[in-house]
Every structure is written in C-alpha cells, then in structure tokens.
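Enquirer: Attaching a single structure in structure tokens format; questions to follow.
The values are calculated or read from the model by the stated rules, or taken from the named source; none is laboratory data. None of the values given here were measured: they were computed from a predicted structure. Ideal geometry is used to build each Cβ from the backbone, glycine not excepted, and the neighbour counts take in all protein chains shown. These area figures cover heavy atoms from the full protein model, side chains too; ligands, DNA and RNA do not enter into them. Shrake-Rupley method; radii C 1.70, N 1.55, O 1.52, S 1.80 Å.
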Amino acid sequence: MRVAIVGYGRMGHEVEAVVRERGHEVGRIIDPVLDDDGDRAAAVTPASLEGCDVAIEFSLPDAVFANVRCYAQQRVAAVIGTTGWIDQLSEVRKEVEAGGCGMVYGSNFSVGAHVFLRLAARAGALVRDLEEYDLAIHEMHHRGKKDSPSGTALTLAEAILAEVPRKQIVETARLDRPPQPNELHVSSTRGGSIPGTHTVYLDAPADTIEITHRARTRSGFALGAVRAAEWVVDRKGLFSVEQFITELLTAH
Ligand SMILES: NC(=O)c1ccc[n+]([C@@H]2O[C@H](COP(=O)([O-])OP(=O)(O)OC[C@H]3O[C@@H](n4cnc5c(N)ncnc54)[C@H](O)[C@@H]3O)[C@@H](O)[C@H]2O)c1
C-alpha cells in the first residue's frame, strides 16, 4: 500500500514507523506545519493524495470533515483516528457514501484495548446477578491529556451497563457522598507520561478481581490503525473500528 500520513504529530510519527515496518510505502506526509516539498505537503488536496491508496489521519477535530471530503472525492480509502468530531458523523457518512471509498473511524485503534473491553464486558456479564460484586472503573493518563474521563473509559462504562442491569448510571464526578447502588463510578488521574491505563474492579467483601489494560507506548494505536488501513483499502463504505476489530478477532 502507498500511504498518506495525515497529521504528523505524536501519532503521525508512530504511524510512519509502523507503515514502514509492515512493508508499506509512505506516499506523502501531510501537515500544515510542513512545506510542500517532494513527499511532504501542507494540506490534503487532490494533488497531495495523488498515487496514495489510503490515508491514515491523526490530526485535529476541525480538520477532519474537509479532509474526509477530499478522500471520498479522490476515492482514497482512509483510517480516521482523530477524536472529537463525532457530532459530524452523519455528514461524514454522506460524503463517504457519495464518493464510494472505504473508511474506518474510531477513538481507540489499540487492538489490545478492544480485547480488554470485551473481557471486561464478559466479566460484568458473569457477575450480573452476584450482588456482592460491586463494579468501578479507574483510568490514568499523561498530564497533557485535555479531557477526562477518557473516551475509552466511557466506552468501557457503557459496555458494563449493557451487561449489568443493576448498574444504570455512569457517574464521572468527584463523589463527596457514597455512590448509589445503581451508579457505576468512573474516576480519573492525570500526571506524568502515562500513555493510558484503564482498570475495571469487580469487588466483593471476600475478594477483588481487577482487569487492567496498560498501554506502554502509542505504537499499539499505530499498529491497529495500519492494520485497519490494510483491511479497508479494498472496501467501500463507512465502518467503525469495532466492526474492523470484530473481524480481526474472529477471522480464525
Ligand atoms: N484513535 C486512537 O486510537 C487515538 C490514539 C491516540 C490519539 N488519538 C487522537 O489523534 C489525534 C492526534 O493526536 P496526537 O497526539 O498525534 O496530536 P498532536 O497534537 O501531536 O498532532 C496533531 C497534528 O495534526 C496536525 N494538523 C492540524 N491540522 C491539520 C490538518 N488540517 N491536516 C493535517 N494535519 C493537521 C497538527 O499540525 C499536528 O502536527 C487527537 O485527536 C487524539 O485524540 C487517537
């Protein structure tokens, strides 16, 4: 595959390394901080996408819609890892369907994180009627992260609510009171360089079960995004990362 790397920040650099490791070609690196020069370009345009089979984008939320329109019109497949634009999903879908390219989007491209989410949901299902087990979620991220709780923690909380009917409300605020039995408390810590740690606790008076996903570096997100690019390059339509991961995990 010939890959356009769109957004050359922390994630763009990780994606570049994985693209090369997996034997693909970096067709162009596109970021407004770069000058148009050979394999570098400042903006996503028909010219900067020329010769590329797929774009892998980790940029900023405001950039996504215009870039998607260009991928769709040029029929370049795309993987969108950028977060914070999901309110524009229906417009993005129209563009992708009108253009006829393939696109995968999602807020977490780490395959390990998705395995963790599925294990945690299964654990919730196992204790759903064992009322001695209460459930709680904690997540930690580096000091530069702008939001809390993380999107992954919220996805995890929703997955547990779906499996444990006695938990009905996700409570993300600091609690100056005991939680209600139907509340699932999600807490966050920010500091240092932690790429992302999520734990779900299933806690009873007699014992505790902890399931943790600990990202070591950002390379896991990049590997998942490059795998998603390999998967979507010959498809048409808009897919969530969950659809891609389900196929990846059940292919055997
Ligand atoms: N889906 C996932 O698995 C996952 C994992 C990590 C980060 N993210 C998300 O990816 C995004 C980028 O994260 P990061 O840590 O690399 O951020 P970053 O700030 O290090 O890099 C973002 C880059 O995008 C560039 N950019 C701005 N406008 C652009 C445009 N119009 N076209 C192309 N590039 C543009 C910026 O100049 C910058 O270099 C964020 O939204 C983050 O939340 C997603």
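Enquirer: Assess whether VAL226 counts as being in the same structural domain as VAL96 (by TED's automatic domain parsing) and either within 14 Å of the ligand (Cβ to nearest atom) or surrounded by 13 or more Cβ atoms within 10 Å (Cβ to Cβ) (or both). Even if it seems obvious, please write down each step before you answer.
Expert: Values: in the same structural domain as VAL96 (by TED's automatic domain parsing): yes; either within 14 Å of the ligand (Cβ to nearest atom) or surrounded by 13 or more Cβ atoms within 10 Å (Cβ to Cβ) (or both): yes.
For VAL226, the condition - in the same structural domain as VAL96 (by TED's automatic domain parsing) and either within 14 Å of the ligand (Cβ to nearest atom) or surrounded by 13 or more Cβ atoms within 10 Å (Cβ to Cβ) (or both) - is met.
Enquirer: Does region 209-223 hold any residues that are open to solvent by less than 70 Å² (accessible area, probe 1.4 Å), more than 16 Å from the ligand (Cβ to nearest atom) and not hydrophobic (A, V, I, L, M, F, W, C), and which are they?
Expert: Correct list: THR212 only.
Enquirer: Any residue at all in region 142-159 that is part of a strand (DSSP E or B), under 17 Å from the mean Cα position of the chain (by Cα) and surrounded by 15 or more Cβ atoms within 10 Å (Cβ to Cβ)? I'd like the intermediate steps shown before the answer.
Expert: Step one: of region 142-159, the residues part of a strand (DSSP E or B) are none.
Within region 142-159, none of the residues are part of a strand (DSSP E or B), under 17 Å from the mean Cα position of the chain (by Cα) and surrounded by 15 or more Cβ atoms within 10 Å (Cβ to Cβ).
Enquirer: Mind checking whether some residue in region 164-183 is under 30 Å from VAL15 (Cα atoms) and open to solvent by 70 Å² or more (accessible area, probe 1.4 Å)?
Expert: No, there is no match, as no residue in region 164-183 is under 30 Å from VAL15 (Cα atoms) and open to solvent by 70 Å² or more (accessible area, probe 1.4 Å).
Enquirer: With the condition being open to solvent by 20 Å² or more (accessible area, probe 1.4 Å) and either in contact with a Lys or Arg (Cβ under 6 Å, 6 or more places away or on another chain) or under 22 Å from PHE239 (Cβ atoms) (or both), I'd like the strands (runs of 3 or more DSSP E) fully within region 2-100 carrying at least 1 qualifying residues. Walk me through it before giving the result.
Expert: Numbers: elements: 2-6, 25-30, 54-57, 77-80.
Fully inside region 2-100 and qualifying: 2-6, 25-30.
Enquirer: Right, another one. Out of all the residues in region 69-81, is one or more within 21 Å of ARG214 (Cβ to Cβ) and either away from the ligand (no atom under 15 Å from the Cβ) or not assigned by TED's automatic domain parsing to the domain that holds VAL200 (or both)? If you could, list the steps in order and put the result at the bottom.
Expert: From region 69-81, those within 21 Å of ARG214 (Cβ to Cβ) are 81; that's our starting set.
Pick out the ones that are also either away from the ligand (no atom under 15 Å from the Cβ) or not assigned by TED's automatic domain parsing to the domain that holds VAL200 (or both) and you get 81.
Checked region 69-81: at least one residue is within 21 Å of ARG214 (Cβ to Cβ) and either away from the ligand (no atom under 15 Å from the Cβ) or not assigned by TED's automatic domain parsing to the domain that holds VAL200 (or both).
Enquirer: One residue is enough: does region 89-98 have a residue meeting the conditions at pLDDT 95 or above and within 7 Å of the ligand (Cβ to nearest atom)?
Expert: No, region 89-98 contains no residue that is at pLDDT 95 or above and within 7 Å of the ligand (Cβ to nearest atom).
Enquirer: If a residue has to be touching a strand residue (DSSP E or B) at 6+ places or on another chain (Cβ under 9 Å) and part of a loop (DSSP other than H, G, I, E, B) to count, how many in region 101-115 make the cut? Working first, answer last.
Expert: Filtering region 101-115 down to residues touching a strand residue (DSSP E or B) at 6+ places or on another chain (Cβ under 9 Å) leaves 101-106, 109-110, 112-113, 115.
Now drop any that are not part of a loop (DSSP other than H, G, I, E, B), which leaves 101, 106, 109-110.
Looking only at that region, the number is 4.
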